[in-house]
Amino acid sequence: MKKSALNTMALLALLIVMVTDSCKKSDNGTPTSKYAVSLATSVSMGQYLVDKKGYTLYFFAEDYNGKASCTGSCEASWPYFYTGPITQADLGTGLKIADFDTINSHGKTQSRYKGWPLYYFAPNGTALESPGQISGEGILDWFVAKPDYTIMLAVGQMVGGNGKNYLSNYTEGIGNTTYFTDAHGVTLYTFTSDSANINKFTKPDFSNNASWSIYDTTAIVVPSVLDKAQFSSFSLYGKHQLSYKGWPLYYYGGDNKTQGLTKGITVGTIPGSKWPVAVQGMTAAPHK
């Protein structure tokens with residue numbers, strides 16, 4: 001055989017190896033990405049997190065304190081996701097290693113993103129939904145994991161700064177409340193003295209911002225069960241504050257930006273009367 005023919009065959013063999021390596025497939029034939037976690041995009045959901053095989057990842061709102069509350073039969077439909085040890089090189093464009101960590105969830109290792117444990121969805125309790133599907137979005141308290149939420153929903157027990165448990169009506173008791181948080185699960189509050197898109201608490205020099213800091217953002221990215229049109233952002237002394245139904249949104253300094261804390265509800269003489277958590281069913285802020 002001529003030398004040129006041998007060179008051609010060697011080149012073809014090399015190309016086949018390169019193509020095969022760049023388009024590796026899993027055991028079931030699903031294309032596998034070189035990234036452990038990356039971002040996919042859909043028309044309805046925008047960007048969302050997927051694993052290396054393209055399976056959608058989800059948050060559970062009842063993991064309000066950063067711990068997995070899905071156990072037993074729940075886990076059959078919502079298996080834990082664990083990507084293994086990763087570095088920045090294992091993440092797709094738009095993702096940061098600082099947003100990922102792992103926890104021990106009921107004897108199993110689970111990956112978290114921005115403090116939220118990550119899950120798959122298995123609609124029939126056995127097989128996962130197909131890669132590219134987002135059929136678990138909005139089922140009960142489950143939401144697709146997105147990189148750009150500015151509002152998330154948390155479902156959990158409210159505990160005041162006095163250490164007592166409170167219900168949604170701010171009477172003492174054991175029971176979950178569904179309330180708004182930021183992307184990292186940090187509780188958002190409203191100030192009952194405010195008016196529609198009018199902040200009556202913050203001073204022009206922001207000297208009291210440490211105690212009740214404004215939620216400063218112009219972005220509005222919310223779970224599909226919320227009406228995005230109910231949110232807006234208004235200008236405040238050179239910054240911008242996000243509002244819901246006209247109510248300006250705040251953080252409580254005493255929560256120390258810690259996921260799951262609701263200490264601000266007991267600021268004031270009556271729990272919830274001055275700084276209630278922001279919730280979906282609240283009435284619109286008055287125009288006064």
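Set side by side, the residues PHE180, PHE234 differ, and just one is under 27 Å from GLY46 (Cβ atoms), at pLDDT 95 or above, in contact with a Leu (Cβ under 6 Å, 6 or more places away or on another chain) and assigned to a strand (DSSP E or B), which is PHE180. What about SER235, is it exposed (fewer than 13 other Cβ atoms within 10 Å of the Cβ) and out of contact with any His (no Cβ under 9 Å at 6 or more places or on another chain)? In short, yes. Applying the criterion of being among the hydroxyl-bearing types (Ser, Thr, Tyr) and surrounded by 17 or more Cβ atoms within 10 Å (Cβ to Cβ) to the residues of the range 63-81, the residue that is nearest to the chain's Cα centre (by Cα) is TYR64.
Taken over the range 235-253, residues that are without any contact (Cβ under 8 Å) to a residue 60 or more places away in the chain and either in contact with a Ser or Thr (Cβ under 8 Å, 6 or more places away or on another chain) or under 13 Å from PHE180 (Cα atoms) (or both) amount to 10. Assess whether THR126 counts as being within 26 Å of TYR35 (Cα to Cα), β-branched (Val, Ile, Thr) and at pLDDT below 95. Answer is yes for this residue. Whenever a residue of the range 192-209 is without any contact (Cβ under 8 Å) to a residue 24 or more places away in the chain and more than 14 Å from ALA278 (Cα to Cα), its partners that are of a type in the set (Asp, Glu) and surrounded by 14 or more Cβ atoms within 10 Å (Cβ to Cβ), lying with C-beta atoms within less than 8 angstrom and at least six residues away or across chains, give the pairs LYS200/ASP194. Take the conditions (1) buried (at least 20 other Cβ atoms within 10 Å of the Cβ); (2) at negative phi; (3) in contact (Cβ under 8 Å) with a residue 40 or more places away in the chain; LYS164 misses just one of them, which is (1). Only one entry of THR202, THR258, THR262, THR192 meets the criterion of being surrounded by 20 or more Cβ atoms within 10 Å (Cβ to Cβ) and closer than 30 Å to GLY175 by Cα, and that entry is THR262. Within the range 94-153, track down each residue that is touching a residue at least 60 places away in the same chain (Cβ under 8 Å) and among the aliphatic types (A, V, I, L, M). Residues satisfying the conditions are LEU118, LEU128, ILE134, VAL144, ALA145, ILE151, MET152, LEU153. Within the range 100-115, the residues that satisfy the criterion of being over 14 Å from TYR48 (Cα atoms), crowded, with 16+ Cβ neighbours inside 10 Å and not hydroxyl-bearing (Ser, Thr, Tyr) are PHE100, ILE103, GLN110, ARG112, GLY115.
The values are calculated or read from the model by the stated rules, or taken from the named source; none is laboratory data. Since the structure is predicted, the reported quantities are computational estimates derived from the model, not experimental observations. Quick reminder, even Gly has a Cβ in these numbers, built from the backbone with ideal geometry, and neighbours come from all protein chains shown.
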